[in-house]
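Working notes, structure below.
The values are calculated or read from the model by the stated rules, or taken from the named source; none is laboratory data. Everything numeric here is computed off the predicted structure, so don't read it as measured data. Heads up: the accessible areas ignore ligands, DNA and RNA and are worked out on the full protein's heavy atoms, side chains in. Shrake-Rupley method; radii C 1.70, N 1.55, O 1.52, S 1.80 Å.
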Amino acid sequence: MEDQEIVDLFLQRSQRAIMETKNKYGAYCRMIARNILSNYSDVEECENDTYLAAWDAIPPHLPRKFPVFLGRLTRNIALDKHGYNTAKKRNREFEVMLTELEGCLASPRTVEKEYEAGELANLISQFLYGTEVRARNIFIRRYWYSDSIEDLAMRFNMSSSKVKSILFRTRKKLRAYLDKEGGYL
């Protein structure tokens, strides 16, 4: 079923929209959640919460790119769940990924910094569009989809050390770009 047909089912408030979404994008949503959360039941809960969030959001919102919309919902729900879970235990791989980005990004957001956060997101997007395609894809897979270094090495057919090197250089360039463009550090 095409994405627009699924969105139309949501607009009609048809329960079939959930099943069609799960059939087409269930594995995609689970993959995003699994890369952030280490517990299978949390991943499953996150996936189901994504379908509920989509149900609540459509309407009034009409997603332009349905998979991106679902990915963002899943990622945000998984990050919220991760925050809740970190009081009890740690997902070592995800903690390492967050630590890698600490040197590039400013301290945690506050209400006063919402505008800056939007500007920062725009600057990061501009930087990534100006980056070599392979480095951009590796960076996005690591920091948006939370892929492990080993998964990236297999996906891009290179050694883990090469992936780490590309990520290190890209973070370094991002830091320099942000210093030059907006002084967000």
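A few remarks follow.
- Accessible surface, 1.4 Å probe, highest first, among residues Y40, Y28: Y40, Y28
- Hull volume per residue, based on the alpha-carbon atoms of segment 1-90 and their convex hull, is 81 Å³.
- Kirkwood hydrodynamic radius of segment 124-168, Cα pairs, Å: 10.4
- Solvent exposure ordering (accessible area, 1.4 Å, most first) of M31, M1: M1, M31
- Solvent exposure, largest accessible area first (probe 1.4 Å, DNA, RNA and ligands not counted), of D3, D49, D80: D80, D49, D3
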